[in-house]
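The values are calculated or read from the model by the stated rules, or taken from the named source; none is laboratory data. As the structure is a prediction and not an experimental result, all values here were calculated from the model. Using ideal geometry, Cβ is built from the backbone for each residue, glycine included, and neighbour counts are taken over all protein chains shown.
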Amino acid sequence: MALYGPPSGRTHCADGRTLLPSAGHKGPLHSGSQTPIAQWVLRRRALWREPWELEAWVLVRVYDWTAGQRALNKRPAPIEREEVHEEAREAITQQWAEDLASATFGRQTLDAIGPIPKDWLDRRHGCLSLRLVQVLSGYGCLGSYLHWIGREETPQCHHCEAAVDTAKHTLEVCPSWDAPRRTLMSAGGDDLLLPSVIANMLGSAEAWEGVDSFCEIVMSLKEAAECMREDDPLAAPFR
Ligand SMILES: [Zn+2]
């Protein structure tokens, strides 16, 4: 039984749809029924979208300003309120970006989106699927991760001769994924370095879907192969 969540498990969409528990979810984040990657996604979501407390801070700032204006017997125009709202949002986005810069968990992805957090926040397209998150984060059915959590004896790639299988190896060079990689690159994603990939994803819905499709195809095949290794009666006993 693989550990990496349901097939095509959507977690969060830019249009507001959420399929994992929402920010207001009262349940435990570390339930035994949640896979490690699902727990990781839940923790990361607090950084990948503006925390609701920060949104609330913006509304409080606008409310205070409006109350101050009324105390002066002024009736601010809607456009003035909108300007105050934008200023407050930019201030809190800056603070959010500074918080991201000092975070230590999920560093690979944070480094990639770090220079463009406002674009990430303001995007109007792009769902985060579990398999997309696995590749962006490196936390998934990858040799290095499986080795790190003690499920594999070595970090090797099971799909080529590479001694270490990482998200970077899977995305950029593993020859087993040449076909889906060609499809990805033919859609304009010819630079496969993670910061470039994320910049492309933010650039268009088509580019986002292209990367998402690559991750779905490749990670589902890697998970299927891992299931076969798990079912192998000759597998290492610590698996
Ligand atoms: Zn490989």
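Summary table
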read-out: Pair list, Cβ < 9 Å and 6+ apart or interchain, from the range 153-173 residues that are more than 7 Å from the ligand (Cβ to nearest atom) to residues that are of a type in the set (Asp, Glu); value: 155/165; 156/165; 158/152; 158/165; 158/226
read-out: Residue 226 being of a type in the set (D, E, K, R), part of a helix (DSSP H, G or I) and within 16 Å of the ligand (Cβ to nearest atom); value: yes
read-out: Residue under evaluation residue 130, criteria (1) among the aliphatic types (A, V, I, L, M); (2) touching a Pro at 6+ places or on another chain (Cβ under 8 Å); (3) within 14 Å of the ligand (Cβ to nearest atom), criterion not met; value: (3)
read-out: Candidates 150, 189, 140, filtered to the one that is assigned by TED's automatic domain parsing to the domain that holds residue 206, away from the ligand (no atom under 14 Å from the Cβ) and either farther than 21 Å from residue 230 by Cβ or among the acidic types (Asp, Glu) (or both); value: 189
read-out: Any hit, the range 202-220, residues being of a type in the set (Phe, Trp, Tyr) and farther than 22 Å from residue 158 by Cβ; value: yes
read-out: Answer from 192, 142, 171, 146 - the residue that is in contact with a Ser or Thr (Cβ under 7 Å, 6 or more places away or on another chain) and farther than 30 Å from residue 91 by Cβ; value: 142
